[in-house]
Structure formats: structure tokens, C-alpha cells
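**Student:** Questions regarding the structure given below will be posed in turn.
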Amino acid sequence: MQLNRDVLLRAYRSMRTIRDFEERLHIEFAGGEIPGFVHLYAGEEASAVGVCLDLTERDAIASTHRGHGHCIAKGCDVGQMMKEIYGRKDGLCGGKGGSMHIADLSKGMLGANGIVGGPPLICGAALTAKVLGTGGVAVAFIGDGASNQGTTLESYNLASVWKLPAIFVVEDNGYAEATASAWSVSGSQLKRAEGFGMPGREVDGHDVFAVYEAAREAIERARAGEGPSLLHVKLYRYYGHFEGDATTYRGPDEAARVREERDCLAIFRKRVTEAGLLEADTLDAIDREVADAIDRSVTDAKGAPLPSEADLLTDVYATY
Ligand SMILES: Cc1ncc(C[n+]2csc(CCOP(=O)(O)OP(=O)(O)O)c2C)c(N)n1
Ligand SMILES: [Mg+2]
């Protein structure tokens, strides 16, 4: 399917924003001002963006510990995200979530998650959509490591049994911390889906068009009440597992080679300019606008106030 100009521009801006956000955090984290752990999503942009292009605010996503890209693709405010990661009072979660627990329920972003294996969350969101008849779908992003968690397999079963409008996106970047998926994942992701009665598709995660097509099919199936699907998205993370990881478990030029040969931004640019769909100048202008926005977000975050002592006592209990 040919995407229209607006959607193409949105896809590029979103992928570029994620890349710049993450590359800037890589630099800023080394300065020591950012609290907690940071796991970068650079290199995996086409997955979050391709999956979220057709989602709206009535649709929910549940992220992983590597959640900034999912947040941006789902429409979260980048300035507030940066403040959150810096632990500032007017960050997306009042500075109390940080990188690993960032969330924005108003956008249907249920949260990044420190516990690997969060797919049960989207069974709840999908069941809500089904019972209330909202037409919404719920998407779980799952790492290759998380694909081995019992909670993930239980979610596959529940979603199939209840015919939930759920989509499981296995983002297979080849590693869980320092362990290669070749060592830790048995059988095949698609056969696992088949075992639970779901259709599954393998997708090139460096190609936003391929991800979009596969996600669109799964979303349509979910909205039509036909039940869950699984996407096995093959991709790669450019940086270490967390910021500070010496990455001794992969070859010295492995990441550089993937960046050179399979950069989703370069692949997109080549494809759309050669086909005459977008002009290089237009993409360059987006690059400049995004660079300015990220710059501003860091300056604003560094200058923003921290939570006060009194803020320790808020958001502790929820009342319904
Ligand atoms: C239940 C649980 N077990 C272990 C961990 C520690 N841990 C954090 S990230 C991670 C690896 C996750 O790998 P993967 O799911 O492939 O995601 P990736 O980091 O590659 O995006 C592990 C084991 C955890 N956070 N939660
Ligand atoms: Mg992984």
C-alpha cells in the first residue's frame, strides 16, 4: 500500500526524533546528571514507528525497559519526556518514573517497564476495549529475552482464548543483556504463535514500510474481532544493553557494520527520494527542526525544578 505524503513525513519525523533523542541521551548520560538506568532504542526506530503509525489515542501500548522510542512513536511530548528522564517536577510522570517507568495514559502509553515480560498488561487493556466496545487495540512490545518469560506465553494463551484485540510485537535485537538469542530462544517465534492459535509474521525491523504493512494487517484483524496476532521483528540495537555497558559480548565492529548497512533512516531516505515521494531538502529540513527541538528539550530539562520534599507523599495511593 502506498502511504500518503503526510504519513511518510510523520514516519520520518518520528524515527528521526527517536534517533536524535537517544543519541543525545547517550552523550548526556555520560555527564552524570541523569539518575537511574537508561536503555537506548537507537537502531530499532522503524519497529515502534511502523507499529504505531495507524494507532490512535484509544489504542494502548505496553513498552519494555527500552521504552523511549515507543513513547515518541505513540505521540508523547518530547520536552516532558526529557524532563522526566532528568527527574524533574514537570516531567511526564512528575519526575518520579524516570527513563524506565515513563508513561502517559492520556496517549495510551501504559508505560515502560522494569520487569521484563509485561504482555499481561495489554491483555487487560485489550479486554477493556473488547468489553466496552471501543474498537481499540492493545500492543505489547516484547524483547527476544522477554519472549521466554512465562508471563509472555500465558498472555498469548489468554489473548487467544478470549479472542482479544491484542498484538504481540517481539523486537528481536539478537541479545538479552549479554546473551545472544541464538543461545537462549528455542524453536521459532512464529511456531510459538502457531502453537497458541495466532497468525505470526516475520518482519525486517529496519524497514518501516515492512513493519507498517505487517502491523496494519494485525491491527485490522484485531479491530475486526478476529483475535490476536504476533509479529517477529528482526532488528539491532546500536548501543549497549544499558548506558555504561562495555559490550564485550559482541564483535568490535558489529554495531558499526549494521549502522552502515541497515540504518532504517538511510533506507527510508533512499527509498522515498528515489521513488520521487519526498525530496531530500524536505527531509533535511525535518532533521534541522528535530535537532533544534531535542537541543531545547535538554536545555529546558536541565533548567527545570526538581520535585520538592512534599512531592514524596503524593501519588502514593490511588483512589478509584
Ligand atoms: C523479570 C525480570 N527478569 C530479569 C530482569 C533483568 N533484565 C533486564 S533487561 C533484561 C534483558 C531483556 O532482553 P530483551 O527482552 O531481549 O530486551 P532488550 O534489552 O534486548 O531490548 C533482563 C534479563 C528484569 N528486569 N525482569
Ligand atoms: Mg533483546
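The values are calculated or read from the model by the stated rules, or taken from the named source; none is laboratory data. Everything quoted here is computed from the prediction, not taken from an experiment. Cβ atoms come from the backbone with ideal geometry, glycine included; neighbour counts cover every protein chain shown. With ligands, DNA and RNA removed, areas are computed over all heavy atoms of the protein, side chains included. Shrake-Rupley method; radii C 1.70, N 1.55, O 1.52, S 1.80 Å.
**Student:** Return the Rg/Rh ratio of region 206-280 with Cα-based radii and a Kirkwood Rh.
**Tutor:** Taking Rh as the inverse mean 1/r over Cα pairs, Rg/Rh reads 1.11.
**Student:** Largest first and in whole Å, what are the equivalent-ellipsoid semi-axes of the chain based on the Cα gyration tensor, each being the root of 5 times an eigenvalue?
**Tutor:** 28, 25, 21
**Student:** Just report the Cα centroid separation between region 20-67 and region 137-202, whole Å.
**Tutor:** Their Cα centres are 20 Å away from one another.
**Student:** Now a separate question. What are the chymotrypsin sites (Phe, Trp or Tyr not before Pro) within region 1-101 that DSSP puts in a loop, where the Cβ has at most 16 other Cβ atoms within 10 Å?
**Tutor:** PHE37
**Student:** Out of the DSSP beta bridges found with both residues in the chain, what percent are antiparallel (nearest 5)?
**Tutor:** 10
**Student:** Mind counting lysine pairs for me in the chain? Cα separation below 22 Å, and the two need to be 8 or more apart along the chain or on different chains.
**Tutor:** 17
**Student:** What is the distance, in nm, between label points placed 7 Å from the Cα along the Cα-to-Cβ direction at GLN2 and at GLU194?
**Tutor:** 3.6
**Student:** Within the P(r) computed for region 1-55, what percentage of the Cα pairs occupies the region above 19 Å?
**Tutor:** The proportion of pairs with Cα distances above 19 Å equals 39 percent.
**Student:** Still on this structure, I have one more. How charged is the neighbourhood of LEU278? Take every other residue with its Cβ under 12 Å from the Cβ of LEU278, and add Lys/Arg as +1 and Asp/Glu as -1.
**Tutor:** Local charge sum for LEU278: +1.
**Student:** Can you pull the one-decimal nm distance between simple spin-label points at GLU254 and VAL131, each 7 Å off the Cα toward Cβ?
**Tutor:** Label at GLU254, label at VAL131, 4.4 nm between them.
**Student:** Using a cut-off of under 15 Å, list every residue of region 186-227 whose amide N is near the label point 7 Å from the Cα of LEU153 along the Cα-to-beta-carbon line.
**Tutor:** From region 186-227, the list is 186-197.
**Student:** Still on this structure, I have one more. Quick check: residue separation of THR282 and GLU33 times 0.36 nm, minus the Cα distance between them. What number comes out in nm?
**Tutor:** This chain segment gains 86.2 nm when fully extended.
**Student:** How far is the Cα center of region 243-320 from the Cα center of region 82-103, in Å?
**Tutor:** Between the Cα centres of region 243-320 and region 82-103 lies a distance of 16 Å.
**Student:** If amide H atoms are built 1.01 Å from N in the plane of the peptide, which residues on other chains or at least 5 residues away come under 5 Å of the amide H of TYR86?
**Tutor:** Amide H to amide H, under 5 Å and 5 or more residues apart or across chains, TYR86 pairs with nothing.
**Student:** Students often get this wrong: which residues of region 265-297 have the backbone nitrogen under 20 Å from the point 7 angstrom along Cα-to-C-beta of ARG216?
**Tutor:** Hits in region 265-297 for ARG216 at 20 Å: 265, 267-279.
**Student:** If you don't mind, another one. Looking at the square roots a ≥ b ≥ c of the eigenvalues of the Cα gyration tensor of region 187-234, which shape do they give, rounded for a/c under 1.5, prolate if a/b is larger than b/c, or oblate?
**Tutor:** oblate
**Student:** Then there is this: With a cut-off of at most 14 other beta carbons within 10 Å, and DSSP calling the residue loop, which GluC sites (Glu not before Pro) in region 195-230 qualify? Please list them.
**Tutor:** GLU226
**Student:** Separation between the THR247 and ALA182 pseudo-spin-labels, each 7 Å from Cα along Cα→Cβ, expressed in nm?
**Tutor:** In this crude label model, THR247 to ALA182 measures out at 1.8 nm.
**Student:** Roll a 1.4 Å probe over the protein chains and send me the accessible area per residue for region 38-151 in Å².
**Tutor:** On a per-residue basis, region 38-151 sits at 29 Å².
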